[in-house]
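Okay, structure first, notes after.
The values are calculated or read from the model by the stated rules, or taken from the named source; none is laboratory data. These numbers come from a predicted model, not from an experiment. Cβ coordinates were reconstructed from backbone atoms using ideal geometry, including for glycine residues, and neighbour counts include every protein chain displayed.
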């Protein structure tokens, strides 16, 4: 299946693909990946249409929001990867500059348990590096965490060379990878 996967940034001309994925059965149409992003003035997080509109507004202003994974031509997975300053406070390492945040994932049920999270992370690293990032920061949890599973698991990020920095709250782990000096054996490619 890997040879039939493609990854594309979400932009105006494929917004409809993101809509289809998010509004599919089990999709994140309740949050529209706005949990860690600022809402438009006068809009509320309690309103799905407001959240969807806020995410679309970022795209309309050419602000990166993330990557879609396609199996053939069908969108099957998503990860939120964007410059850290486009998010609300995530509790990251303020000493680092040129940081992109990898904040969440959604994978259609039938594509889970197939290393898709790893593939999304590796593509996100490439995308961030190609767009000038020096670091990527993530906020995963432990496998037994009662919440925030959509942010990924710490063990997955550790295996890919991310380093633990500190806790953000009681569950999230701030982890970073230096894109200029990544560890030997970590190849920025989707070939796993």
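Remarks
- Which numbered condition residue 136 fails, given (1) touching a strand residue (DSSP E or B) at 6+ places or on another chain (Cβ under 8 Å); (2) surrounded by fewer than 20 Cβ atoms within 10 Å (Cβ to Cβ); (3) more than 22 Å from residue 14 (Cα to Cα); (4) modelled with pLDDT of 95 or more: (2)
- Just one of the listed residues (77, 82, 124, 128) is more than 24 Å from residue 147 (Cα to Cα) and within 14 Å of the chain's Cα centre (by Cα), and it is 128.
- Total residues in segment 143-157, condition surrounded by 12 or more Cβ atoms within 10 Å (Cβ to Cβ) and over 16 Å from the mean Cα position of the chain (by Cα): 1
- The single condition from (1) over 21 Å from residue 157 (Cα atoms); (2) in contact (Cβ under 8 Å) with a residue 12 or more places away in the chain that residue 50 fails is (2).
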